[in-house]
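Student: The structure follows.
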Amino acid sequence: MEVIPAIDIRGGRCVRLEQGDYDRETVFHDDPAKVARRWQEAGAKRLHVVDLDGAREGGPRNEGVIRAILGAASVPVQVGGGVRDIAAVQRYLEAGADRVIMGTAAVKDQTTLMNAIVLFRERIVVGVDARDGVVATEGWLDTSAIAATDLVKQLSEMGVARIVYTDILRDATLTGPNFEAIAQLLEAISGLPSPVSVIVAGGLSSIDDLGRLLALGVEGAVVGKAIYTGDIDLTAAIAALKP
């Protein structure tokens, strides 16, 4: 299982938002590219970068900062936040991103998502962000009427190979992932004709949490606040999960 450090960007800085609340922000560093190098040196094999301003406003807003991260990192980087059209996907891929994450488009513009899948295949990841099991969009500010499990089934039919599943109410709380919801999601999609790999985010607070996710069979875990506060030592976590 991959342990993937998160670098969330708002106003050009590396921050965390508790439960996705833009009024509950903690700033961890003014230079996200330096943070990227730090996590890479600690042993990260992949980075998870999100443009929070872009997610909220509907288009990339920190593209220059993200390009600096892509230039600083030699490990694969997956980028999301405000990616709502093919042009944005293409710019990030051409800039060096390994994968691009689309979220709101998966609910509100499935034609664009389908086109992205056809063009870029497994380099497209869909962000499935859930609050009480229901998908949220527009930088987590709007709630849809679709259950996360139903959306993932739709995505499988469309050919999506990989999702990042985030439990919003656990994000940046250090209270542990919602293991019950994750297990239910994995059970619901286990028999799908086209398998979907699942990366989990939200609430991770210890190496034990990572071990429980490994046992559930997820592909990866995005770690955010815990590695910034020191609750999880990234190098130790990566070593603990090696086969």
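The values are calculated or read from the model by the stated rules, or taken from the named source; none is laboratory data. Quick caveat: nothing in here was measured; it's all calculated off a predicted structure. Here the Cβ positions follow ideal geometry from the backbone for every residue, glycine too, while neighbour counts run over all protein chains shown. The area values use the complete protein model at the heavy-atom level, side chains included, leaving out ligands, DNA and RNA. Shrake-Rupley method; radii C 1.70, N 1.55, O 1.52, S 1.80 Å.
Student: Against the conditions (1) of a type outside the set (D, E); (2) touching a residue at least 12 places away in the same chain (Cβ under 8 Å); (3) in contact with a strand residue (DSSP E or B) (Cβ under 9 Å, 6 or more places away or on another chain), where does R38 fall short? Just the number, please.
Tutor: R38 satisfies every listed condition except (2).
Student: Can you tell me how many residues in the range 120-170 are of a type outside the set (F, W, Y), part of a loop (DSSP other than H, G, I, E, B) and open to solvent by 10 Å² or more (accessible area, probe 1.4 Å)?
Tutor: 7
Student: Follow-up question, since we're still on this one. Quick one: is A116 open to solvent by 20 Å² or more (accessible area, probe 1.4 Å), at pLDDT 95 or above and assigned to a helix (DSSP H, G or I)?
Tutor: No.
Student: Further question: What is the residue count in the range 138-147 for residues that are without any contact (Cβ under 8 Å) to a residue 60 or more places away in the chain, under 25 Å from R24 (Cα atoms) and hydrophobic (A, V, I, L, M, F, W, C)?
Tutor: Count: 0.
Table: residues versus (1) within 15 Å of the chain's Cα centre (by Cα); (2) open to solvent by 10 Å² or more (accessible area, probe 1.4 Å).
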| position | (1), (2) |
| --- | --- |
| P5 | yes, no |
| Y22 | no, yes |
| T26 | no, yes |
| V50 | yes, yes |
| V77 | yes, no |
| A106 | yes, no |
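Student: Ok, one more. Got a sec? Which of S190, S205 is more than 18 Å from the chain's Cα centre (by Cα) and either surrounded by fewer than 15 Cβ atoms within 10 Å (Cβ to Cβ) or among the small types (G, A, S) (or both)?
Tutor: Of S190, S205, the one residue that is more than 18 Å from the chain's Cα centre (by Cα) and either surrounded by fewer than 15 Cβ atoms within 10 Å (Cβ to Cβ) or among the small types (G, A, S) (or both) is S190.
Student: Within the range 82-104, does at least one residue satisfy the condition of being at pLDDT below 95 and part of a helix (DSSP H, G or I)?
Tutor: Within the range 82-104, one or more residues are at pLDDT below 95 and part of a helix (DSSP H, G or I).
Student: Before we move on, is V100 surrounded by fewer than 23 Cβ atoms within 10 Å (Cβ to Cβ), among the β-branched types (V, I, T) and within 21 Å of G220 (Cβ to Cβ)?
Tutor: When the stated conditions are applied, V100 passes them.
Student: Among the candidates V128, V135, V100, which residue alone is under 25 Å from A215 (Cβ atoms) and free of Cβ contacts under 8 Å to residues at least 40 places away in the same chain?
Tutor: V128
Student: Being assigned to a helix (DSSP H, G or I) and charged (D, E, K, R) is the filter here; which residues of the range 214-243 pass it?
Tutor: K225
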